[in-house]
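Colleague: This is the structure, below, for whatever I ask next.
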Amino acid sequence: MRKLLFAIIVLVLLVGIALQTGLAKPVVQWRVESALLESGMSEKRASCMAARMVDRLSIQQLYELRQGMAPRDGETDKPDGLGDLIKRLRRGTDTETVTVVTSSAGLCAIGIG
């Protein structure tokens, strides 16, 4: 039992160190890019936005964004138009997250990101 507890503590510490030092950034970026691709975005735009979002948002903000974008009762799996997308983006996320996501979308759409 002690060995299992020790192994869990070591694993948690290693994950924490990887997140704090940036070693986990490629994995986090891949997860964000995958989520954007699943939502119907082009590969080029998803890659651009994921890179910007991972650089500018914390792991906690990215997690809250994913939770906020999840469909609720009576909603479709994918947002129906821009209004629905903005509504989902604003619920449960802070203003910094909304700003980063919208600026990333705009800059990547015109090819500056």
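Taken together, the values in this text are just the output of simple stated rules run on the coordinates, not laboratory data. Fair warning: this is a prediction, and the values are worked out from it, not measured in the lab. With ideal geometry, Cβ positions are generated from the backbone for all residues, glycine too; neighbour counts draw on all protein chains shown.
Colleague: With percent of Cα pairs over 26 Å apart as the read-out, I listed (i) 35; (ii) 27; (iii) 12; which label goes with the value calculated from this structure?
Modeller: For percent of Cα pairs over 26 Å apart, the calculated option is (ii).
Colleague: While we're here: Among Gly111, Gln60, Thr76, whose Cα lies farthest out toward the positive end of the dipole of the chain, if unit charges sit on the beta carbon of Lys, Arg (+1) and Asp, Glu (-1)?
Modeller: Gln60
Colleague: Helix-derived [θ] at 222 nm for the chain: sum -39500 (n - 2.57) over DSSP H runs of at least 4, divide by residue count, nearest 500?
Modeller: The per-residue figure over the chain is -24500 deg cm²/dmol.
Colleague: Hey, another quick one. Name the lysines eligible as straight-distance cross-link partners of Lys25: C-alpha to C-alpha under 26 Å, and not fewer than 8 places from it in the same chain.
Modeller: Answer for Lys25, where 26 Å is the Cα cut-off: Lys44, listed by chain and number.
Colleague: For segment 2-110, what is the charge dipole size about the Cα centre, in debye to the nearest 20, if Lys and Arg each add +1 at the Cβ and Asp and Glu each add -1 at the Cβ?
Modeller: I would put it at about 360 debye.
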